[in-house]
Amino acid sequence: MHLRTAAWLLLLSLNVAFGEQKQDKIDWQPWSDSVFAQAQKEGRFVLLNLGAVWCHWYHVMDDITYQDPEVIDLIRSHYVAVWVDEDSRPDLANRYEDYGWPATIVFGAVLGNRVCLCFCATGLGNFLGVLVHWSRNGIALPGACD
């Protein structure tokens, strides 16, 4: 009887721990028309994280930048976050191949309306500054978006 109770408590605690951890993460979605409909409905931008698992800087962005609590809060508040592995979507990889890896691209709520491009493996402060400026002003930060 005690073993069954202990197992139940362990499962419950793991469920709670993983549930809490998930709330501290970015809710990455796959690329689709529905993310633009969601962005339009919620008055948000679409943030495309276009990376490649073989790219060192992609892992730097994923391990440092996208784990930062301020970045997570900003993205969750102002953006519909989309993650795409460039190897699984060659159409997008080819469309944005001139931007390098990883590429972070911000779109308006209309599909194809690219409004800002950031190659942001240059540091957390630069990326955070671009996100803050964009979310507050809705216009590109000079020199940050080409």
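The values are calculated or read from the model by the stated rules, or taken from the named source; none is laboratory data. In this text, all values refer to a predicted model and were calculated from it rather than measured experimentally. Backbone-built Cβ (ideal geometry, glycine too); neighbour counts: all protein chains shown.
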Output for the range 43-69, where each listed residue is farther than 17 Å from P102 by Cβ and either surrounded by 12 or more Cβ atoms within 10 Å (Cβ to Cβ) or among the small types (G, A, S) (or both): G43, R44, F45
Please determine whether any residue of the range 23-40 is modelled with pLDDT under 90, assigned to a loop (DSSP other than H, G, I, E, B), of a type in the set (V, I, T) and on the phi < 0 side of the Ramachandran plot. no
Strands (runs of 3 or more DSSP E) enclosed by the range 53-146 - at least 2 residues per element that are closer than 17 Å to S32 by Cβ and at pLDDT 75 or above: 79-85, 103-107
